[in-house]
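Below is one structure, written out as structure tokens, with a few remarks after it.
The values are calculated or read from the model by the stated rules, or taken from the named source; none is laboratory data. Quick caveat, the model's predicted, so the values are computed rather than measured. Backbone-built Cβ (ideal geometry, glycine too); neighbour counts: all protein chains shown. Accessible surface is based on the protein model in full, side chains and every heavy atom, while ligands, DNA and RNA are left aside. Shrake-Rupley method; radii C 1.70, N 1.55, O 1.52, S 1.80 Å.
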Amino acid sequence: MAQRNDNESAPHAASLEESPTFRGLNPDVVAALRDRATRRQLHAGEHAFVADEAYKQEVYLVEQGELEVRRVSGEVYWATVGDLVGISNFLDAQPYTSSATARGDTTLLTLPHGVLDELEHAHPELAGVLNRYIARRIRNWSPSRQVISGALAQTARAVMRTPLATCRTSLSLREAFQAMRQRQVGSLVILDDDGHLHGIMTYVALCVALIESGNSPDQEIADACEPAVTVDPGSPLWKVEELRADGDTKYVVVVEDGNPVGMLSQTDILRSVLAHGSLVVSRIREAPDLVELGDYYLRMAEVAEQALETHRRVDVALRLISETHLAIQRRCAELTLAQLADAGAGPAPAPYALLIMGSGGRMEMLLTPDQDNGIILADTPAAKTPKAVAWFQRFCHELNENLAQVGYELCKGGIMARNPQFHKSLQEWRDQIAFMTEHPGKKAARWSNIAFDFETLFGDDSLTATLRSHVYEMLDERSKLLAFMAEDDAEGRPPIGWFNRLVTTESNDNGGTVDIKRNGLRIIADAARIFALHAGIQSRNTHDRLTALVRLGALDADLVDSTLAAYSQLHELLITHQLDQVRRGEPPDKKIHPERLSSHGRESLRESMLAVKRFQERLQGQFGFF
């Protein structure tokens, strides 16, 4: 998957001094870098280094121009002015795992390994720059080596952030705001004169104190702060998460012997859980063949069960399950490329983006998803030659067959990269979307409700980003397609009849069933997609879309809260149902027998479907033809 660096959305800096990396730094530090470095000029297409090449004992600082850094996995990012390239090799001295190529005339400052070491020790500010880069790597690459047991079995001490950002009770509200802004923190731990915990101040608490309560900015924070939710350092993360959720707060303070020693936020806990899932993912990335990938696919029930056990939030469990599926499919793409190379077909003749669609694009995959994929080919002459056309056809055909061999069934609806309908150049994709928005109808709506949840599975993400921008541009100009998409969604109805009773289908000796996906989950996902497309929200995940709609004021918070609760509950019921089927040796399906549920389970199913019904009514009221 291609991704931009942190500076992509901002204009490229004209000089090192203006770049985010060095802005505000002592000019002497930048001068020292230039004095000890040698300049290297690259023209478009020339390499600073290539994958598998031995480490050159030097680090590169982009002074002018831009480098494309492409990992062997197909991931891409762009290094612009002020970015350091080769830092990972500086840290471990291992061969390069990516290739750095100039995208135009580019000037690099080349810093020998030993010189960078010397400068780091001589200039503490430069050490800070390197530390930020290292921290960013740690955040970007899941630290699976540090995971020993279940994520939520870890103690608060192992995950907490320290030292704390603290202040005294005598600080004014104005000073608290300034301190939070200067320190770039979302909260301050308030200590009394004896250094004991008094409370916590957040941006929300500041707003309440100043706006709702009408306090003066000069008011001391002692009486305006919130009471802190606290845990001891030995508390397991599952307990921390329960206390955080029960206290309806984002932050938990870790207290030892009466003194605050650390902080845990909702994000810290989530990051730790996601990191735990990366242990399996890292092993999948090293799978040598399709047979071993198939073994990982057969263990998806174990992954799902562990995901549910290690986190109470189903949306997080879904992301963990999905990331495992996507890792298997990415590795399958890599192995397919290796097969082509072994057969003498050579590498891809042009840039491309392999797409994952549907539940995979939303990061909401269950135990046994089928194949929903496509491909975007770059609009280059190289991609249009007969040889290139044949190469991509062969690649997509073999990929779909290999995915089927691993365990992902061929899509019955033909939503696969080998299908010409989902195998197009970027311009052909753009033309198709433009045509559908100009001539909306039932067929276009059905296609859109499947294909508009797309994400890069493998390859050049810039192609995917360009296509996504085109989708939003077209829908902004011609929104009638959204009404047809809402009509398509209405063909599935929540199984709620008169007096809000559950209505089952397919009555037999085992009783009736409820199709959780078609009559529940799909309705919410479709509606969230339509609302998000209309609002210009580019998130694909249903939970992310709905929370973003609340932030924009496009949907009522209470409606979204009930919808998300239903979405989580239905997913939990479905995953639990499928796990039970796997234990019995049955193929997993999406149809639940309500009479087999406990009375509590049946009631939660009914209430969830009521929430689905209300959300669908809200969608039809805004976009429907009725």
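Whether any residue in region 172-191 is over 31 Å from the mean Cα position of the chain (by Cα), of a type in the set (Ser, Thr, Tyr) and surrounded by 15 or more Cβ atoms within 10 Å (Cβ to Cβ) is what I want to check. Yes, some residue in region 172-191 is over 31 Å from the mean Cα position of the chain (by Cα), of a type in the set (Ser, Thr, Tyr) and surrounded by 15 or more Cβ atoms within 10 Å (Cβ to Cβ). Against the list (1) over 21 Å from LEU293 (Cα atoms); (2) of a type in the set (Gly, Ala, Ser); (3) in contact with a Phe, Trp or Tyr (Cβ under 9 Å, 6 or more places away or on another chain), the condition GLY407 fails is (1).
Among the residues making up region 46-67, those that are open to solvent by 40 Å² or more (accessible area, probe 1.4 Å) and of a type in the set (A, V, I, L, M) are VAL50, ALA54. The single condition among (1) over 21 Å from the mean Cα position of the chain (by Cα); (2) of a type in the set (A, V, I, L, M); (3) over 15 Å from ALA451 (Cα atoms); (4) part of a loop (DSSP other than H, G, I, E, B) that LEU367 does not satisfy is (1). Counting the residues of region 171-191 that are in contact with a helix residue (DSSP H, G or I) (Cβ under 8 Å, 6 or more places away or on another chain), under 21 Å from VAL261 (Cα atoms) and not β-branched (Val, Ile, Thr) gives 6. Here LEU243 passes the criteria (1) open to solvent by less than 70 Å² (accessible area, probe 1.4 Å); (2) touching a strand residue (DSSP E or B) at 6+ places or on another chain (Cβ under 8 Å); (3) over 17 Å from SER187 (Cα atoms); (4) not in a helix (DSSP H, G or I) except the one numbered (4). Taking the numbered list (1) assigned to a helix (DSSP H, G or I); (2) open to solvent by 10 Å² or more (accessible area, probe 1.4 Å) in turn, LEU340 passes all entries but (2).
For MET363, the test of being on the phi > 0 side of the Ramachandran plot and buried (at least 23 other Cβ atoms within 10 Å of the Cβ) is passed.
Would region 432-447 turn up any residue that is out of contact with any Lys or Arg (no Cβ under 8 Å at 6 or more places or on another chain), among the hydrophobic types (A, V, I, L, M, F, W, C) and within 14 Å of ILE375 (Cβ to Cβ)? Checked region 432-447: no residue is out of contact with any Lys or Arg (no Cβ under 8 Å at 6 or more places or on another chain), among the hydrophobic types (A, V, I, L, M, F, W, C) and within 14 Å of ILE375 (Cβ to Cβ). Of the residues making up region 381-419, those that are β-branched (Val, Ile, Thr) and either in contact with a His (Cβ under 7 Å, 6 or more places away or on another chain) or open to solvent by 40 Å² or more (accessible area, probe 1.4 Å) (or both) are THR385, VAL389.
What about GLY86, is it surrounded by fewer than 18 Cβ atoms within 10 Å (Cβ to Cβ), within 31 Å of the chain's Cα centre (by Cα) and modelled with pLDDT of 75 or more? Taking the combined requirement at face value, the residue does not satisfy it. Please work out if SER469 is farther than 17 Å from ALA528 by Cβ, buried (at least 18 other Cβ atoms within 10 Å of the Cβ) and not aromatic (Phe, Trp, Tyr). When the stated conditions are applied, SER469 does not pass them. Given (1) at pLDDT 95 or above; (2) part of a helix (DSSP H, G or I); (3) farther than 25 Å from MET474 by Cβ, identify the lone condition not met by GLN427. Failed condition: (3).
Taken together, ALA554, ALA548 contain a single residue that is in a helix (DSSP H, G or I) and either open to solvent by less than 40 Å² (accessible area, probe 1.4 Å) or small (Gly, Ala, Ser) (or both), which is ALA548.
Quick one: would you say ALA451 is in contact (Cβ under 8 Å) with a residue 60 or more places away in the chain, out of contact with any helix residue (DSSP H, G or I) (no Cβ under 7 Å at 6 or more places or on another chain) and either surrounded by fewer than 21 Cβ atoms within 10 Å (Cβ to Cβ) or within 30 Å of ARG478 (Cβ to Cβ) (or both)? So ALA451 fits the description; yes. When each of GLN620, GLN616, GLN578 is tested for being in a helix (DSSP H, G or I) and either aliphatic (A, V, I, L, M) or closer than 23 Å to ARG319 by Cα (or both), the lone residue that passes is GLN578.
Please verify whether region 558-568 includes one or more residues that are under 24 Å from GLU409 (Cα atoms) and modelled with pLDDT of 90 or more. The answer is no; no qualifying residue exists. Restricting attention to region 366-377, the residues being modelled with pLDDT of 95 or more and closer than 14 Å to GLU323 by Cα number 0.
Inspection of region 31-39 identifies at least one residue that is open to solvent by less than 50 Å² (accessible area, probe 1.4 Å), part of a loop (DSSP other than H, G, I, E, B) and modelled with pLDDT of 80 or more. Selection of region 36-55 for residues being of a type in the set (Val, Ile, Thr) and over 17 Å from LEU84 (Cβ atoms) yields only VAL50.
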